[in-house]
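For reference, the structure discussed in these notes is given below.
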């Protein structure tokens, strides 16, 4: 895979290119990084320890980090949304005693609702998430390919 | 019940599994490379295969039994088993596909650049897999005892031997087609009896043994919710799904991260449809077979109800179908687990040879057999739930933090996994003895995930922060690989997706 730089003889060196290759071929990275120095600070600013290719990988790194952040935020928002929606649904079932006394096919409505009601919610949240996550990735792609 | 039906159904499934396994061996030999071939697998097939491997004894027998035994609290089990795939979708599916790792030990080693992190993860995967096989064997014991009258151990032994032989002989590899077929078999084997029973019952004959108000008392209904237990169970099931050893390799057969997401949504749909039927069985059982509501016995509800409600040949046919589906569930889940466990064991301990794989397959089938024979099943859904709690406390924090948090280090991961394993393991194994001493602690020991998972995450983060060696060198490159969509990386290349793993 290390001969890809030659193959990818694009018109201009793209800031995305070296970083992309690095993701595929980590053995090519021989730079010694400051592994012991202030890992917490370093972890917040990884660009500080990348050395001479910092200018290119810095821009790529900013985009990647913002992609990761936005995807994480998306995941958390959808997970919390699902939890809150499920909890509200269950509490709504619990506080309406008439549901226990209304029978459909011999089963109380409250049992039926809990038995089937959460699945459509999970599918809906999942479907919406797939679209939103793909949008984030499309945004990342348009950012990096505009360079 | 007529034992001939039991013998016939079990024999047919066992022979069919063995034949498909050996036939599949020839297929996988003629295919130049399983992983190359699998990149063309469609999301629907892939999702069916995930469902086929995932739906175990707990889903097929355990949920209906637990609804009969405890009431609407049991409805949370299928909700959790399904919504676990939602969490997988939100936090794991696409990045894990892009990681190029086949197994969780592969992932931790690549992410943390640590042999030790790999070894600890492998150990946990093996323990989890073994304890996940135990309920399958107990389900087989129950099925054989109820349907043929043979002693219970014969069922566990039969499944363990079939799985060991078929896997060691090289069959039942992760062939997508076979596992996908298993899903539709299991769905049919529950759906047809449920629909038939509903039609029969709707005709008013035989009459229900309890009135609806007696069968579904509000005290066992959704209004009477134990908040701590429900929340803790949900934490275990939602997060435990992420770490199941046999699920991950299926994600690798998606062409790219986007397809992995699409597959996961289809899995959500398939599981949602499937779980309607055990739920319906449980509801029918509460009205028509209340006498089966005893610990250990209620799991037989699905096997016994068709014969009770539909006398004659039709009832026997439905019973045979249910028995076949149950056995397919035990065999497919166990063999999926044994294949992934044997892979881990042979790779890490036996040098990765074919002979090592075979030895490991036999070991992986017989260790759970010993445990299954030595212990008594008190409920299939419950014991699988405890395995999920253990998985959620050990592998889930490492997976999620490894994917989303740059600061994770090998020491932090190992400390977190050890903490989660010790806490949840001792709650699960020593819980009964401890709660006899401290009755107030009982819910916390019986459903430990709500406190063990946060503690494991906390220890992982604190130890990682304090690790003076810092984060692994390749962290940024690896995280980029996980999150950047495939076709961005190699612009305009023909091989924009479905990249092969590194050498």
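Collect the residues in region A:116-137 that are farther than 17 Å from residue B:223 by Cβ and more than 8 Å from chain B (Cβ to nearest Cβ), keeping them in residue-number order.
Residues satisfying the conditions are A:121, A:124, A:128, A:131, A:132, A:135, A:136.
Please return the ranges of helices (runs of 4 or more DSSP H) entirely within region B:196-261 where 3 or more residues are at pLDDT 80 or above and more than 20 Å from residue B:67 (Cβ to Cβ).
Qualifying helices (runs of 4 or more DSSP H): B:227-240.
Could you list, in sequence order, the residues of region B:446-485 that are assigned to a helix (DSSP H, G or I), closer than 24 Å to residue B:257 by Cβ and within 31 Å of the chain's Cα centre (by Cα)?
Once the filter is applied, which keeps residues that are assigned to a helix (DSSP H, G or I), closer than 24 Å to residue B:257 by Cβ and within 31 Å of the chain's Cα centre (by Cα), region B:446-485 yields B:475, B:478, B:479, B:480, B:481, B:482, B:483.
Within 16 Å of the chain's Cα centre (by Cα), buried (at least 24 other Cβ atoms within 10 Å of the Cβ) and within 14 Å of chain A (Cβ to nearest Cβ): is that true of residue B:84 in this structure?
Against the criterion (within 16 Å of the chain's Cα centre (by Cα), buried (at least 24 other Cβ atoms within 10 Å of the Cβ) and within 14 Å of chain A (Cβ to nearest Cβ)), residue B:84 qualifies.
Does region B:143-152 hold any residues that are crowded, with 24+ Cβ neighbours inside 10 Å and either free of Cβ contacts under 8 Å to residues at least 40 places away in the same chain or within 17 Å of residue B:334 (Cα to Cα) (or both), and which are they?
If the condition is that a residue be crowded, with 24+ Cβ neighbours inside 10 Å and either free of Cβ contacts under 8 Å to residues at least 40 places away in the same chain or within 17 Å of residue B:334 (Cα to Cα) (or both), then B:143, B:144 are the ones that fit.
So is residue B:238 within 11 Å of chain A (Cβ to nearest Cβ), surrounded by 17 or more Cβ atoms within 10 Å (Cβ to Cβ) and under 21 Å from residue A:113 (Cβ atoms) or not?
Considered against the rule, which asks whether it is within 11 Å of chain A (Cβ to nearest Cβ), surrounded by 17 or more Cβ atoms within 10 Å (Cβ to Cβ) and under 21 Å from residue A:113 (Cβ atoms), residue B:238 comes out as yes.
Any residue that is in contact with a helix residue (DSSP H, G or I) (Cβ under 9 Å, 6 or more places away or on another chain), in a helix (DSSP H, G or I), at pLDDT below 90 and more than 8 Å from every other protein chain (Cβ to nearest Cβ) - is there at least one of those in region A:31-45?
yes
Find the residue count for region A:79-115, including only residues that are part of a helix (DSSP H, G or I) and under 11 Å from residue B:222 (Cβ atoms).
16
Which of the residues that make up region B:371-426 are outside any helix (DSSP H, G or I) and closer than 18 Å to residue B:473 by Cα?
B:405, B:406, B:407, B:408, B:409
The values are calculated or read from the model by the stated rules, or taken from the named source; none is laboratory data. Model, not experiment: these values are computed from the prediction. Please note: Cβ atoms are built from the backbone with ideal geometry, for glycine as well, and neighbour counts cover all protein chains shown.
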